């Protein structure tokens, strides 16, 4: 990350905090969650979708994508392996992992820095 990237990231997170002073600032993602998605056969990266939960709070939905930029989703919902910060439900031979319910900031926050203060 260059200094210009960090300055841009700081401006973007500040803009968000200014428009959402009482909102979620970030989400904490475990290495296990990211490695679980990236370890899927054919996965070349992780895509994050923005969503709103039933309480109107922003949430991230993470899914792997392949070399053709296609989301790695199951052919049928019963094939899905659901991963989240609190539960890991595995099917007989999971082929797809989607990650939800990441710990928000607050409470999972860093000490004050250029991205969150």
Order by protection proxy (mean Cβ within 10 Å, highest first), peptides 59-65, 31-37, 108-114: 59-65, 31-37, 108-114
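What does the extension gain come out to for residue 2 and residue 61, with contour length at 0.36 nm per residue minus their alpha carbon separation?
Separation in residues times 0.36 nm, less the Cα-Cα distance, equals 18.5 nm.
Coordinate-derived values only; no laboratory data. This is a predicted model, so every value here is computed, not measured. For neighbour counting, all protein chains shown are included, and Cβ atoms are generated from backbone atoms with ideal geometry for every residue, glycine included.
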